[in-house]
Amino acid sequence: MSDQAFYSSLQQKLATLKDEGLFKPERVLASRQGAEVVAQDGRALINMCANNYLGLSGDVETQKAAAAALEKYGYGLSSVRFICGTQTVHKELEQALSKFLGTEDTILYAAAFDANGGVFEPLFDENDAIISDALNHASIIDGVRLCKAARYRYANNDMADLEKQLIAARDAGKRHKIIVTDGVFSMDGTIAQLDKIVELAEKYGALTMIDESHASGFMGATGRGTHEHCGVIGKIDIITGTLGKALGGAMGGFTSGKKEVIETLRQKSRPYLFSNTLAPMIAGASLAVLERISRSTELRDRLHENTAYFRKEIERIGFTIKPGTHPVVPVMLFEAPVAQKFAARMFELGVLLSGFFYPVVPMGQARVRVQISSAHTREQLDTVLKAFEQAGKELGIIKN
Ligand SMILES: *Cc1c(COP(=O)(O)O)cnc(C)c1O
């Protein structure tokens, strides 16, 4: 406590963040997660900014599955997996995920952040090359940093640039090359072109890895993910993902792939070896979620109906969106102050939204990001669209 300058410098940096409008306050909910939430002041809000794509976060069936696992397996393990922290429910979930994703084996983590943080270092070294999309998630960037492999970056979703980087890695004599991409990019709702990526991987003898955090459970005809959507099931070497978004929303992550990859990670992956096991109630609930969405495509179908409806109507009102089909719908407002004012006005009108602006998205690309859920009713979507129309007119974004 003797270095006062340290604390002053932090205070100054925090003040600067606030001055620049980059400080992130936390919104406090007084209710469970859902299509409708209650704010701390008691106001009901329609929630358009959760990753709750299948509406399972605050769902009673999910909760009951968690409660059943809690009852059977207890609250926690006080152990990492390999000492005394593996229960039958963890093995069952790993098997179920492998079956769902079309892979040989799966390893669980406390978060997808840990899965990505612990996947590269055990598998690759300075003789290898990691070829990574420029917009990949922060956890992939950090995971790559922890590994000695050479790093090549290609422009977002740019297959010509990816090929250039593959050639550069080949010409540098790299032993193994792995192409790494988010299956879906969360700021734009862009879907990676996995069919083309697999083709390039085959051409240059590279491995492929996708992060399915914004895809597992609802992309593709039966919700298996972007690899199903793009017709490349069985052709992706490594799949990482989260249990904290569509697949129940509590927390937890996974890496899935060939047996020898997963076995190596169990032996060497640091966030797995040196961090506590996933709580059994989360494993149990995730297992129930996988069973539920494998039994029926109802939730997924409703999600895509809702998404198509919202995308069509928001454009009809006169807003500009990033085109696509994903439930992430970026409504473009371009200027940061407009995005901020817009999100604040929507909050007053009872709609919870988040605004994004530079440096999170490129300069001049400020937006509010809408995230559709299967739990939204048509009535709720119509209420949100009306609020968009009102706020849009008030702020002169759309014409009367
Ligand atoms: C959300 C997200 C993560 C982190 O997931 P957690 O399980 O919350 O750690 C990792 N990668 C991508 C692409 C994500 O969107």
Those residues of segment 320-360 which are closer than 25 Å to LEU29 by Cα and touching an Asp or Glu at 6+ places or on another chain (Cβ under 7 Å) amount to PRO330, ARG345
Those residues of segment 251-276 which are surrounded by fewer than 21 Cβ atoms within 10 Å (Cβ to Cβ), within 15 Å of the ligand (Cβ to nearest atom) and either free of Cβ contacts under 8 Å to residues at least 24 places away in the same chain or among the small types (Gly, Ala, Ser) (or both) amount to SER275
Being without any contact (Cβ under 8 Å) to a residue 24 or more places away in the chain and over 29 Å from PHE185 (Cβ atoms) narrows LYS72, LYS24, LYS18, LYS91 down to just LYS91
Only unsatisfied item for VAL361, checking (1) buried (at least 17 other Cβ atoms within 10 Å of the Cβ); (2) outside any loop (DSSP other than H, G, I, E, B), is (2)
Scanning segment 216-246 residue by residue, those over 18 Å from GLU104 (Cα atoms), surrounded by fewer than 24 Cβ atoms within 10 Å (Cβ to Cβ) and within 15 Å of the ligand (Cβ to nearest atom) turn out to be GLY244
Taking first residues from segment 175-192 that are in contact (Cβ under 8 Å) with a residue 40 or more places away in the chain and at positive phi and second residues anywhere that are away from the ligand (no atom under 11 Å from the Cβ) and assigned to a strand (DSSP E or B), the pairs with Cβ under 7 Å that are 6 or more apart or on different chains are GLY189/VAL329; GLY189/PRO330
Matching residues in segment 72-119 (within 16 Å of the ligand (Cβ to nearest atom) and assigned to a loop (DSSP other than H, G, I, E, B)) number 4
Exercise for the section: Scan segment 121-135 and give yes if some residue there is among the β-branched types (Val, Ile, Thr) and in contact with a Ser or Thr (Cβ under 7 Å, 6 or more places away or on another chain), otherwise no. Expected result: no
Within segment 152-173, of all residues that are touching a residue at least 12 places away in the same chain (Cβ under 8 Å) and either hydroxyl-bearing (Ser, Thr, Tyr) or exposed (fewer than 14 other Cβ atoms within 10 Å of the Cβ) (or both), the one nearest to the ligand (Cβ to nearest atom) is TYR154
The number of residues in segment 201-215 that are charged (D, E, K, R), over 15 Å from VAL328 (Cα atoms) and either within 14 Å of the ligand (Cβ to nearest atom) or touching an Asp or Glu at 6+ places or on another chain (Cβ under 9 Å) (or both) is 2
Inside segment 129-146, the number of residues satisfying the requirement of being touching a strand residue (DSSP E or B) at 6+ places or on another chain (Cβ under 7 Å) and either within 23 Å of PRO362 (Cβ to Cβ) or more than 16 Å from the ligand (Cβ to nearest atom) (or both) is 10
Per the filter on segment 83-99, residues out of contact with any Phe, Trp or Tyr (no Cβ under 8 Å at 6 or more places or on another chain) and either surrounded by 24 or more Cβ atoms within 10 Å (Cβ to Cβ) or modelled with pLDDT under 95 (or both) are LEU93
(message) Condition first: surrounded by 21 or more Cβ atoms within 10 Å (Cβ to Cβ) and charged (D, E, K, R). Can you find one or more residues in segment 374-384 that meet it?
(response) no
### Query
For SER286, are the conditions met, namely being touching a residue at least 12 places away in the same chain (Cβ under 8 Å) and surrounded by 20 or more Cβ atoms within 10 Å (Cβ to Cβ)?
yes
Note: among GLN371, GLN390, just one is within 19 Å of the chain's Cα centre (by Cα), closer than 30 Å to GLU20 by Cβ and modelled with pLDDT of 95 or more, namely GLN371
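The values are calculated or read from the model by the stated rules, or taken from the named source; none is laboratory data. Quantities reported herein were computed from a predicted structural model and do not represent experimental measurements. Cβ coordinates were reconstructed from backbone atoms using ideal geometry, including for glycine residues, and neighbour counts include every protein chain displayed.
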